[in-house]
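Trainee: Before I ask anything, here is the structure I am working with.
Derivation of every value follows stated rules applied to the coordinates shown; laboratory data play no part. These figures come from a predicted structure and were not determined experimentally. Cβ sites come from the backbone with ideal geometry, for glycine too, and all protein chains shown count toward neighbours.
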Amino acid sequence: MDKLPSAWCAIELSILDALSKELSQSVERTINAPGLEGRFQYTAVLGDSSAEVIQTQTTQYNKYGFNDFKVKITGDPDIDNEKFNIINSTVPNARIRLDANNLWQNSQDVLKYIGSISTELFAIEEPLQAMDFKELSVLLKSISVPIILDESFYNEHHFDHILTDIKNVIINLRISKMGGILRSRQIAKQATQRQIPLIIGAQVGETSILTRAALTIANEYRENILAQEGAYGTLLLESDITYQPLTFGKYGRLDIARNLGIKEYGFQIKYKLKDYAQHRV
C-alpha cells in the first residue's frame, strides 16, 4: 500500500462501491461514517501561466463567485507579483495560498521570496524539497506563514516528522495519494486529534469518482478542513465516466442534494462504463 498508494486506492474504491451496493447502502454507511449532507466549497486553481491567461481565468472565477485561490508560482517575485496584483485587483477579498512545488533547497531562500512578494498569504505549499524534514523544522521556526505538506506527507508515519509546538503546519490530504478512503480517514482523525488542519487535495483532471470519494472525508471532518480542491469534472475532462459529473457551481460550491442520486447505493453515482469502453478501447 505504501509503495503504490494510488493503485491500492483504485482497488479499495471499487471494493467499497461494490460491497455497499450489495448491501443496498451508501459507502458512508458501510464504513460507519456520517451520511453526506449540505454543500462543499472548492478552491480556484491558477497554474503557471502568462499574465493574460491569469487575468482571463481570474475574471471567470470572479464571475463564479470564487474568493479562495491556489496559485502555482515560478519563484521569480517579478513574475509572481504580476499574478498576485491581477488576482487582488479582480477579487479584492481573495484568500491566496501558493503552490511552490518544491522550488527551494533551503529556508533562507523561502524567506527571501516571501519577503519580496506583494500579497498577503494564507499559506504556502511545499516550498522545500520533498521529505526534507530537517530543513522543514528550520523553516517552521522562522516563518509565520503556514506550510502545507503535500509531497512530504503520504501516511501516518510522517506525523512523527512534523510534530511541533509551532502550529503552522497544514496537511494536504489527497485520497489517491494516501491510498484510499480508509487510510485517509485514519489520517484525518489523527490530524484532528493533533490539531493539525487539513486541505482536501485533488489530482488535475481527476474523474468524479475521486471527487466523490473525497467528499466522505470532507463531510466527516468539516470543522478541521481549511479548503477543498477538485470538482472540475468536465470543465477539464473531455468526458467523465459518470452520467452526472460532480462539478462545482456558483461560488465554487457543490450541492449534494443536486448532484448525487439519493436513492442510489455505493458512491451514489451512475457510471457510463459501456459508453466509455466503446470510445476508449
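Trainee: What value, in deg cm²/dmol to 500, does the helix sum -39500 (n - 2.57) over DSSP H runs of n ≥ 4 give at 222 nm once divided by the residues of the chain?
Mentor: -11500 deg cm²/dmol, from helical runs alone.
Trainee: Another question about this same structure. Dipole size in debye (nearest 20) for segment 34-138 around its Cα centre, Lys and Arg Cβ +1, Asp and Glu Cβ -1?
Mentor: For this selection, approximately 360 debye.
Trainee: Name the residues whose placed amide hydrogens come within less than 5 Å of the amide hydrogen of ARG174, ignoring near sequence neighbours (fewer than 5 apart) on the same chain.
Mentor: Amide H to amide H, under 5 Å and 5 or more residues apart or across chains, ARG174 pairs with GLY201.
Trainee: Kindly put LEU98, LEU237 in sequence by how many other C-beta atoms sit within 10 Å of each C-beta, fewest to most.
Mentor: By the 10 Å Cβ count, ascending, the order reads LEU237, LEU98.
Trainee: Can you find, among GLN108, TYR64, HIS157, the residue farthest towards the positive end of the dipole of the chain? Put +1 on the C-beta of Lys and Arg, -1 on that of Asp and Glu.
Mentor: Going by the Cα projections, it comes out as TYR64.
Trainee: Scan around ILE148 for amide H atoms under 5 Å from its own, H built in the peptide plane at 1.01 Å from N, and keep only partners 5 or more places away or cross-chain.
Mentor: Residues meeting the criterion, in which the H sits 1.01 Å from N, are ILE124, GLU125, GLU126, ILE170.
Trainee: Where does each of VAL204, VAL145 land when they are ranked from fewest to most other beta-carbon atoms within 10 angstrom?
Mentor: In order of increasing Cβ crowding within 10 Å: VAL204, VAL145.
Trainee: From the phi of every residue in segment 235-249, what ³J(HN,Hα) in whole Hz does the Karplus formula 6.51 cos²θ - 1.76 cosθ + 1.60 yield, where θ is phi - 60° and glycine or proline is x?
Mentor: Calculated HN-Hα couplings, in order: 5, 10, 7, 5, 7, 9, 9, 10, 5, 10, x, 7, 10, 5, x Hz.
Trainee: Name the residue from LEU13, THR30, THR207 whose Cα lies farthest towards the positive end of the charge dipole of the chain, charges +1 on Cβ of Lys and Arg and -1 on Cβ of Asp and Glu.
Mentor: Going by the Cα projections, it comes out as THR30.
Trainee: Shifting gears a bit: If you take every DSSP beta bridge fully contained in the chain, what fraction is antiparallel? Give it as a percent rounded to 5.
Mentor: Expressed as a percentage, antiparallel bridges in the chain total about 15.
Trainee: Give me the net charge of LEU149's neighbourhood, meaning all other residues with Cβ under 15 Å from the Cβ of LEU149; Lys, Arg count +1, Asp, Glu -1.
Mentor: -3
Trainee: Which GluC sites (Glu not before Pro) from segment 1-60 combine a DSSP loop assignment with at most 12 other Cβ atoms within 10 Å?
Mentor: Taking segment 1-60 and a limit of 12 other Cβ atoms within 10 Å, the loop GluC sites (Glu not before Pro) found are GLU37.
Trainee: Read phi for every residue in segment 33-47 and hand back ³J(HN,Hα) as whole Hz from Karplus 6.51 cos²θ - 1.76 cosθ + 1.60, θ = phi - 60°, with x for Gly and Pro.
Mentor: So the J values, rounded to whole Hz, are 10, x, x, 5, 7, x, 10, 10, 9, 10, 9, 7, 10, 10, x.
Trainee: Continuing with this model, one more query. Report the net charge of residues surrounding LEU198, where surrounding means a beta-carbon distance below 12 angstrom and charges are Lys +1, Arg +1, Asp -1, Glu -1.
Mentor: Around LEU198, the surrounding residues sum to +1.
Trainee: Near LYS70, which lysines are there with a Cα under 30 Å away, not counting those fewer than 8 places off in the same chain?
Mentor: Cα-Cα hits under 30 Å: LYS3, LYS83, LYS112, LYS134, LYS141, LYS167, LYS177, LYS189, LYS250.
Trainee: Turning to a different aspect of this structure: Can you work out the Karplus-derived ³J(HN,Hα) for every residue in segment 65-71? Use 6.51 cos²θ - 1.76 cosθ + 1.60 with θ = phi - 60°, whole Hz, and x for glycine or proline.
Mentor: For segment 65-71, the Karplus curve yields x, 6, 9, 10, 10, 10, 10 Hz.
Trainee: Under the rule of at least 5 residues apart or a separate chain, name every residue whose amide H is placed under 5 Å from the amide H of VAL45.
Mentor: LYS70
Trainee: For the chain, what does the relative contact order come out to in percent, with C-alpha contacts under 8 Å and a separation of six or more?
Mentor: 23
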